[in-house]
């Protein structure tokens, strides 16, 4: 028997064993891949009460991802209030030094050197009461909440003067105030993205 024939015979005899081994291991490989994919997707945390957890409605990492900055390179501050669902975040704009220099000039238009995001959640105990609250604001404070917003939540109002978005879902109303872009109304698009993240957790 030649060396080539011996090799072919050995390969033929080992092939069924390798095939069985592969078929046995394949389910384990698939399970491992599935677990890895599941672990890479962060779970959505839902709470029966968000009191004292206001800064979890949208996390530091979610803010950094949404506004495209590295939290290690930017000073991101977060403050909450006791016994409330409230979170205030501030972080510096990339050109904050130039903005501060501008603000020191006589007659120059003020340019905010920092970004500011306030998130609050109000629980009106029932869908009826939260609906009444939105209707009251639309009726009695229309000069402030002048714009109806579609495509987010069950009802939504926007105020350009206070850069505030209100979004209703069930018994809750989300309050988002965002000072990010210099033109107030331009902040609405990002405020809606923030609301979409929060709605997933309610």
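Once the convex hull of the C-alpha atoms of segment 54-199 is built, how many Å³ does it hold per residue, rounded to a whole number?
Taking the convex hull of the Cα positions in segment 54-199, it is 121 Å³ per residue.
So what is the relative contact order for segment 112-202, in percent, with contacts set as C-alpha pairs under 8 Å and at least six apart?
Relative contact order of segment 112-202: 31 percent.
Normalised by the residues of segment 77-132, what does the relative contact order come to in percent, with Cα pairs under 8 Å and at least six apart?
Relative contact order here is 33 percent.
How far is the Cα center of segment 52-110 from the Cα center of segment 118-163, in Å?
Segment 52-110 and segment 118-163 have Cα centres spaced 24 Å from each other.
Readers should treat all values here as calculations from the given coordinates under stated rules, not as data from a laboratory. Owing to the predicted nature of the structure, the values given are computational and were not obtained by experimental measurement.
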